[in-house]
1. Checking the structure you have, find out if any residue of region 56-71 is in a helix (DSSP H, G or I), at negative phi and surrounded by fewer than 21 Cβ atoms within 10 Å (Cβ to Cβ).
2. Select from region 378-392 the residues that are in contact with a helix residue (DSSP H, G or I) (Cβ under 6 Å, 6 or more places away or on another chain) and in contact (Cβ under 8 Å) with a residue 40 or more places away in the chain and write down the one among them that is nearest to residue 168 (Cα to Cα).
3. Restrict the check to region 227-235 and report whether at least one residue is closer than 23 Å to residue 412 by Cα and either of a type outside the set (A, V, I, L, M, F, W, C) or in contact (Cβ under 8 Å) with a residue 60 or more places away in the chain (or both).
4. Would you pick out the residues in region 515-544 that are surrounded by fewer than 24 Cβ atoms within 10 Å (Cβ to Cβ) and touching a Phe, Trp or Tyr at 6+ places or on another chain (Cβ under 6 Å)?
5. Would you mention how many residues in region 64-95 are under 30 Å from residue 145 (Cα atoms) and in the same structural domain as residue 134 (by TED's automatic domain parsing)?
6. When the residues of region 506-522 are narrowed to those that are small (Gly, Ala, Ser) and in a strand (DSSP E or B), which ends up nearest to residue 412 (Cα to Cα)?
7. Just checking, how many residues over region 80-102 are basic (Lys, Arg) and free of Cβ contacts under 8 Å to residues at least 12 places away in the same chain?
8. Taking residue 396 as the residue in question, decide whether it is closer than 23 Å to residue 280 by Cβ, in contact with a Pro (Cβ under 7 Å, 6 or more places away or on another chain) and not aromatic (Phe, Trp, Tyr).
Amino acid sequence: MRRRLSVVAGFGIVWVLLIAGRLYDLQVLRYEHYAGKAERQQQRVVTLDPPRGTIYDAQGRELAVSIQVDSVYAVPPEIADPAATAAALARAVPDLDRGKLARQLAGDREFIWVARKLDPPVAGKVRALKLKGLYFVPESKRYYPMKELAAQVLGYVGTDNHGLAGLEQVYDQEITGKPGKRTVLRDARQGTVAAPGLSFSEPEPGHDLYLTLDATVQHIVERELARAIEERHARRGSAIFLDPATGGVLAMASYPSFDPNDFAGYSPESWRNRAVTDVYEPGSTFKLVTAAAALEAGVVREDERIDCGMGVITLYKDIRVHDHKPFGMLTFAEVIAHSSNVGVIRMAQRIRDDRFYATLRGFGFGRQTGIDLPGESGGILHNVEKWGLLEKDYIAFGQGVSVTPLQLVSATAAVANGGVLLKPHVVAAVSRGEVRLPKYPAPPVVGRPISPATARDLTRYLEGVVTGGTGKPAAIPGYQVAGKTGTAQIPVRGGYHGYLPSFVGFAPADRPALVGLVAIAEPQGNEYYGAQVAAPAFGSIVRQVLLYRGVHPQRERPSVWMGQTVLAGLPAKALAAPVRPAVEADALADGDDRDPVASPAPAAEGGGFHAPF
């Protein structure tokens with residue numbers, strides 16, 4: 001018996017020693033290892049995205065804000081059935097890859113993101129599942145309350161809280177702010193809670209942006225652009241309107257557009273800000289630049305008549321350029337009003353190549369404007385030293401040079417404001433705490449391509465385009481409008497395909513408050529000229545915007561152009577005309593309301609550029 005007791009006692013002592021040894025191992029020798037493991041299982045350091053700065057329009061309306069939403073993460077060791085958990089989550093969260101998630105949940109990682117920045121209804125569905133091993137943490141998400149409005153200008157933000165396009169990308173450093181960090185404890189309800197004494201650093205919000213863009217003007221421009229495109233079954237288009245006194249962008253629209261709240265659901269083509277990225281041969285709208293160069297060089301006189309002959313000019317051997325009809329002798333004003341290819345070529349031929357090129361560069365062609373938006377193209381303007389025999393002639397009527405809508409409207413703004421080229425911009429000010437710092441305390445002057453006298457004279461001639469030339473459909477009762485039509489052809493490999501009608505101008509002509517351009521690509525049907533497609537849309541936009549901005553019709557100021565008395569930019573009989581006059585085909589029989597379109601098709605009497613009507 002005594003021996004048995006000794007054996008039992010011995011086993012007991014050994015057992016106690018083993019337990020004591022194990023406890024010593026766990027609590028002393030391996031304490032730090034297991035304590036750290038327990039802490040990692042109970043605690044998690046979460047990076048807190050800072051709220052991005054708010055983007056406001058010129059009137060203080062919110063265009064982009066940050067809201068708090070839930071993100072979901074998983075702790076795989078706590079999930080007993082990864083496949084079932086993944087299946088349940090895939091039913092609750094749209095576009096979740098069930099197979100990939102199941103493999104991640106079955107892995108040996110201690111932390112994986114399941115879904116970031118969920119919309120509240122989706123987050124509610126996930127909470128209702130009450131799945132073990134899932135936890136929620138609040139994050140900041142970008143929200144665009146006006147949805148598609150100015151989408152290409154604003155851009156969008158990725159799940160990492162950084163801007164991927166538009167202003168969100170260009171000003172990402174200012175808007176983003178500084179992330180914070182928080183150590184959280186997981187609770188029994190799959191949530192996270194902050195615990196006193198654990199590390200915490202508050203995220204610092206980003207700076208706010210205040211834009212020159214006005215949401216009301218933007219809405220008008222987008223609506224009228226879409227209407228014109230849809231009426232003509234066109235493929236795409238763009239419109240941009242500036243304040244000619246400051247260079248600030250009031251509206252910039254591209255069609256088709258997208259909702260930046262769900263940018264991934266749209267074609268990348270709709271993300272393009274065509275006003276700054278797309279280049280095209282401007283066609284006859286560029287004649288206003290040629291006219292400016294001729295006036296500035298002093299090679300034309302207002303009282304002289306330019307021989308446009310039978311509407312054709314031979315440039316070299318059998319290379320000819322045509323007008324849409326014979327004009328005979330035209331004054332300088334009439335060359336611009338009737339958009340004579342022959343007339344502007346004869347004007348350009350009087351200007352030295354280097355001087356013509358210097359004026360084009362002075363207007364900003366061939367280089368980026370420097371606007372605070374990504375993806376800007378500089379257009380194409382070959383160096384004068386590389387010009388061929390006919391390059392200047394082609395450039396004179398808008399071929400052989402490529403521009404962006406922004407470049408052309410910026411150049412037109414220089415005419416409107418008296419000859420000063422300004423840097424276009426979208427951001428007016430950036431906040432620094434309580435202080436709002438202007439981006440440009442004074443208008444950002446780039447240069448002076450033309451004198452005030454040249455700008456003044458050219459403005460009168462551009463008024464004539466609207467009162468008695470190709471731009472009559474852009475006329476607005478009670479306002480003086482100056483502008484130029486254009487009907488360019490879209491270049492493709494080996495030739496041209498489709499048309500791009502446009503209109504660029506400003507109003508009121510005597511005290512410009514608004515300068516803009518409307519360009520519409522590939523309208524369908526027989527009406528594809530700038531006068532028929534773009535000019536009416538321009539007129540409708542300008543009338544609404546001027547009234548909104550408090551610029552009321554002026555019916556008391558007569559002016560004279562080509563011997564015809566007009567009242568505030570219109571013949572008196574036209575004051576009762578509709579805002580968007582229809583341009584009927586039979587009304588264009590004389591050709592005055594159409595804009596010549598140069599094309600590479602051979603002329604009847606030889607190869608070369610032909611201007612079919």
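The values are calculated or read from the model by the stated rules, or taken from the named source; none is laboratory data. Predicted, not measured: the structure shown is a model, and the values here were computed from it. Positions of Cβ are generated from backbone atoms using ideal geometry, with glycine treated the same way; all protein chains shown enter the neighbour counts.
1. Checking region 56-71: not a single residue is in a helix (DSSP H, G or I), at negative phi and surrounded by fewer than 21 Cβ atoms within 10 Å (Cβ to Cβ).
2. 379
3. To start, the set of residues in region 227-235 that are closer than 23 Å to residue 412 by Cα comprises 228.
Subsequent filtering for residues that are either of a type outside the set (A, V, I, L, M, F, W, C) or in contact (Cβ under 8 Å) with a residue 60 or more places away in the chain (or both) retains 228.
So far as region 227-235 goes, yes, one or more of its residues are closer than 23 Å to residue 412 by Cα and either of a type outside the set (A, V, I, L, M, F, W, C) or in contact (Cβ under 8 Å) with a residue 60 or more places away in the chain (or both).
4. 528
5. 10
6. 516
7. Start the filter on region 80-102 by keeping residues that are basic (Lys, Arg), which leaves 91, 98, 100.
Still in the running and free of Cβ contacts under 8 Å to residues at least 12 places away in the same chain: 91, 100.
Total meeting the criteria: 2.
8. no
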